[in-house]
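The values are calculated or read from the model by the stated rules, or taken from the named source; none is laboratory data. The structure presented is a predicted model; accordingly, all values stated were derived computationally and were not measured. Glycine also receives a Cβ, built like all others from the backbone with ideal geometry; neighbour counts cover every protein chain displayed. Areas reflect the complete protein model, heavy atoms only, side chains present, ligands, DNA and RNA absent. Shrake-Rupley method; radii C 1.70, N 1.55, O 1.52, S 1.80 Å.
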Amino acid sequence: MPENIFIGGGAENYGAPQVLLLDKANRHGLIAGATGTGKTVTLQIMAEGFSAAGVPVFLSDVKGDLSGLAVGGTAEFKLHEPFMSRARTIGLDLQYDKFPVTFWDLFGEKGHPIRATVAEMGPLLLARLMDLTDVQEGVLNVAFRVADEEGLPLLDLKDLQSLLVWVGQNAKDLSLRYGNVASSSIGAIQRQLLVLENQGGTALFGEPALDLADMMRTRDGRGEINILAADQLMGSPRLYATFLLWLLSELFEELPEVGNPDKPKLVFFFDEAHLLFDGAPKALVDKVEQVARLIRSKGVGVYFVTQNPGDIPEDVLGQLGNRVQHALRAFTAKDRKELKTAAETYRDNPTFETAQAIQEVGTGEAVTSFLDRKGIPMMVERTLIRPPSSQLGPIDETARKAIMQASDMAGKYDKTMDRDSAFEMLTKRADKAAEAAAEAEAEEERLEEKEREFRAARRYNGKQSGRSTSRRSSSDTSFGGAIASAVVKELKGTTGRRIVRGILGGLFKGR
């Protein structure tokens, strides 16, 4: 088994191998650089290296280029000669090869469907996804608490929508227990759920939910490379960022502690990482920092891919030990400041100026710094990145479909399950309440009809008795009528209806 991943050649004449040590790969990393400087190829060759070492990989394919990992490169490729020339320069015996790949897609079009339940996502990430205010997030927390107490599973969006309706109908009682539950906040959350639904969020929530074990498989000794089709998903950047953060959080919560393994159990690449932090509340940033700090002890390495290191909060950036910095441009004063800051995060090399090198490196070249055997960042080096063994660029749709059909995941997640959950349970409650109300209304109508019959009979008896009725009889009739009216009035009330239901039920049961 290899002990490291060859990234490229550095130092003078690019003759010094620059390697990422597998037993330090769970100390996380950073791939940064301006658009078109080679970040995607660096991500590709890292994924190849981890897979070859038996480490499963999860990555998002933002531009559709990474599907080529499933197909080996060929000598007919137009960059074959430049690749071979570069390989000779850095002392690499380049062999073309393909890697085991599973395609995933939230929308189920370019990969196997991938879902989570609303309950698994939780109120914090949902609030971030819907851009809720603190007050609205508080109401959402109340809804989740009520779902737990009432035994209402939250699996898909219609479950959450129906629960919020129920919360709104019972807002007065809930406000006494949990604080103010304003109907305006519930309405705002419902509107955001509608926006989320229009953005395709319905496809994300539901069952069967993703089994993390399906992300951590090996095939013939090689780690499975899980590729999330994100080109369409990037149209909803908040949905993209929230989903990846949920997946990272699930790994953190479910995987056992393993300490410092010889190689990671999984490597997670977070492309377009700035989307995770843009406008994120402090509570969410704190959660990301906590996950980054602690998940390495569970054998998971997290690699952020972004244009500028400044896109990553400083507390998170401090956790990233293995770094590949492609070129940054300095056209404005802000760019120069960010360039200087990026250079200061590296251990200086006396042979060149780091900031100047970051500006000067060409496409496919970078300044790199990896952790040594003691876990100390090595000096920064100008590095010529190795060419990939797999195909550079996307595969066609026919090849993608063939890979999906041959996958072990074919059919497992394709059909949506819709078992009884909050929506169905609350619907049944509403139906029973409607039936009870209809019965009560019918019963009240029967009581009113009996009252009318009683009054009519009394008037008829009064006409028959005429003036011969004594004063005492008249008094008794008036007194009896008053009592009867009072009884009928009481019977029309809620308590009375219950009594009548019991009496009439007993009387008419035999009939």
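With respect to the cross-link table entries K158/K428; K263/K337; K24/K298; K158/K287, which display a Cα-Cα separation exceeding 25 Å?
On the way: K158/K428 15 Å; K263/K337 37 Å; K24/K298 13 Å; K158/K287 28 Å.
Too far apart for the 25 Å limit: K263/K337; K158/K287.
5 Å is the cut-off here: which amide hydrogens, built 1.01 Å from N in the peptide plane, fall below it relative to G111, excluding neighbours closer than 5 in sequence?
Hits under the 5 Å cutoff: D105.
Tell me which of A241, S389, P313 sits at the most positive position along the dipole axis of the chain, charges placed on C-beta atoms (Lys, Arg +1; Asp, Glu -1).
A241
Using only C-alpha atoms and all pairs of different ones, pull out the Kirkwood radius for the range 294-453 in Å with one decimal.
Working: mean 1/r = 0.0441 Å⁻¹.
For the range 294-453, inverting the mean 1/r across all distinct Cα pairs yields 22.7 Å.
Tell me, Kirkwood radius of the range 167-228 from alpha-carbon pair distances, in Å?
On the way: mean 1/r = 0.0640 Å⁻¹.
For the range 167-228, inverting the mean 1/r across all distinct Cα pairs yields 15.6 Å.
Explain nothing, just the number: dipole magnitude of the range 305-395 about its Cα centre with +1 on each Lys and Arg Cβ and -1 on each Asp and Glu Cβ, in debye rounded to the nearest 20.
On the way: 11 positive and 12 negative charges, 26 e Å.
That gives a dipole near 120 debye.
When every alpha-carbon pair in the range 20-166 is counted, what percent end up more than 23 Å apart?
Numbers: 6312 of 10731 pairs.
Counting every Cα pair in the range 20-166, those more than 23 Å apart make up 59 percent.
For a quick check: with amide H placed at 1.01 Å from N, whose amide H comes under 5 Å from F270's, ignoring anything fewer than 5 positions away on the same chain?
When sequence neighbours closer than 5 places are left aside, the close amide H contacts are Y303, F304, V305.
Under a 1.4 Å probe, what is the accessible area of the chain per residue, stated in Å²? Kindly include the intermediate steps, with their values, before the conclusion.
Values: 24990 Å² over 511 residues.
Per residue, the chain has 49 Å² of solvent-accessible surface.
For the range 44-135, give the magnitude of the charge dipole about the Cα centre (Cβ charges: +1 Lys/Arg, -1 Asp/Glu; no others), in debye to the nearest 20. Walk me through the numbers on the way to the answer.
Values: 8 positive and 12 negative charges, 34 e Å.
So the magnitude is around 160 debye.
Report the FRET efficiency, 1/(1 + (r/R0)^6), for A75 and S297, where r is their Cβ-Cβ distance and R0 is 41 Å, rounded to 0.05. Provide the component values of the computation, followed by the final result.
Working: r = 44 Å, r/R0 = 1.08.
Efficiency for this residue pair is about 0.40.
What dipole magnitude, in Debye to the nearest 20, does the chain give about its Cα centre under +1 on Lys/Arg Cβ and -1 on Asp/Glu Cβ? Walk me through the numbers before you get to the answer.
Values: 63 positive and 71 negative charges, 527 e Å.
So the magnitude is around 2540 debye.
Express as a percent, rounded to the nearest 5, the fraction of DSSP beta bridges in the chain (both residues included) that run antiparallel.
Working: 21 of 49 bridges.
Within the chain, antiparallel bridges account for around 45 percent of the total.
So if each residue of separation counts as 0.36 nm, and I subtract the Cα-Cα distance between M379 and K282, what length gain in nm does that give?
Working: separation 97, 0.36 × 97 = 34.92 nm, distance 3.32 nm.
Computed gain between M379 and K282 is 31.6 nm.
In the chain, if the dipole is taken from +1 on Lys/Arg beta carbons and -1 on Asp/Glu beta carbons about the Cα centre, which of V361, F99, A203 is farthest to the positive end?
A203
Identify, among V62, G151, L140, the residue whose Cα sits farthest towards the positive end of the charge dipole of the range 1-151, taking +1 on the Cβ of Lys and Arg and -1 on the Cβ of Asp and Glu, with the dipole about the Cα centre.
Positive-most Cα among the choices belongs to V62.
Based solely on its DSSP helices, what 222 nm [θ] is calculated for the chain when runs of n ≥ 4 H residues each add -39,500 (n - 2.57) and the sum is averaged over all residues, nearest 500 deg cm²/dmol?
Working: 18 runs with 244 residues, N = 511.
For the chain, the value works out to -15500 deg cm²/dmol.
What nm distance separates the two modelled labels at Y178 and E12, each placed 7 Å from Cα along Cα→Cβ?
Here the modelled spin labels are 6.9 nm apart.
Cβ under 10 Å from L204's Cβ, L204 left aside: what net charge do those residues give with Lys, Arg +1 and Asp, Glu -1? Walk me through the numbers before you get to the answer.
Working: positive: R115; negative: D156.
Charge balance in the 10 Å sphere: 0.
Output the direction-averaged projected area (hull surface divided by four) of the convex hull of the alpha-carbon atoms of the range 303-368, in nm². Mind showing how you got there, number by number?
On the way: hull surface 18.2 nm².
Seen from a random direction, the Cα hull of the range 303-368 projects 4.6 nm² on average.
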